[in-house]
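The values are calculated or read from the model by the stated rules, or taken from the named source; none is laboratory data. Treat the numbers as computed from the prediction; the structure is a model and nothing was measured. Glycine gets a Cβ as well: all are built from the backbone with ideal geometry, and neighbour counts include every protein chain shown. For the accessible areas, the whole protein counts, side chains as well, though only heavy atoms, and no ligand, DNA or RNA atoms are used. Shrake-Rupley method; radii C 1.70, N 1.55, O 1.52, S 1.80 Å.
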Amino acid sequence: MCVWFAVIAIAAVRRSCNTLRSLLALNPLHAVSFMLHHGMIGFITLGAVFLAVTGAEALYADLGHFGKKPIQTAWLFIVLPSLG
């Protein structure tokens, strides 16, 4: 696990050094300003971001437990038809 997180960190630092402007997105004042200026839409957006992040984390956890093929099959035959 430590090697995995180290590789992710190294890749992120390398990419961040190329575009230092992207680090401005880490400023929490942008999120506070968005919430204050957009009211309920800001709250819904924050909820959507939270669900997307936790959903992606759960997908990677499932990938580790079940493997690639069952995840692809579930997305193809369950998720994709339900979105259409």
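Take the Cβ atoms of T54 and V32, set R0 to 35 Å, and the FRET efficiency comes out at 0.95. Rolling a 1.4 Å probe across all protein chains gives F34 an accessible area of roughly 80 Å².
Just the protein heavy atoms count here, and of the accessible area of region 1-57 at 1.4 Å, carbon and sulfur take up 78 percent. Relative to the current alpha-carbon distance between K68 and M1, full extension at 0.36 nm per residue lengthens the span by 22.2 nm.
Tell me, Kirkwood radius of the chain from alpha-carbon pair distances, in Å? Each step should come with its number before you reach the end.
On the way: mean 1/r = 0.0617 Å⁻¹.
Mean inverse Cα-Cα distance, inverted, gives 16.2 Å.
Leaving out ligands and nucleic acids, and using a 1.4 Å probe, what accessible area per residue does the chain come to in Å²? Please list the in-between numbers first.
Working: 7610 Å² over 84 residues.
Accessible area per residue: 91 Å².
Phi-derived couplings, Karplus 6.51 cos²θ - 1.76 cosθ + 1.60 at θ = phi - 60°, listed residue by residue for region 60-66: 5, 5, 5, 4, x, 7, 9 Hz, with x used for Gly and Pro. Under 10 Å, Cα contacts only: if you run a Gaussian network model on the chain, which one of A56, A31, A12 comes out with the highest mean-square fluctuation? Fluctuation is largest for A12. Using helices alone, I'd like the mean residue ellipticity at 222 nm for the chain: each DSSP H run of four-plus residues gives -39500 (n - 2.57), total over residue count, nearest 500. Taken over the chain, the calculation gives -26500 deg cm²/dmol.
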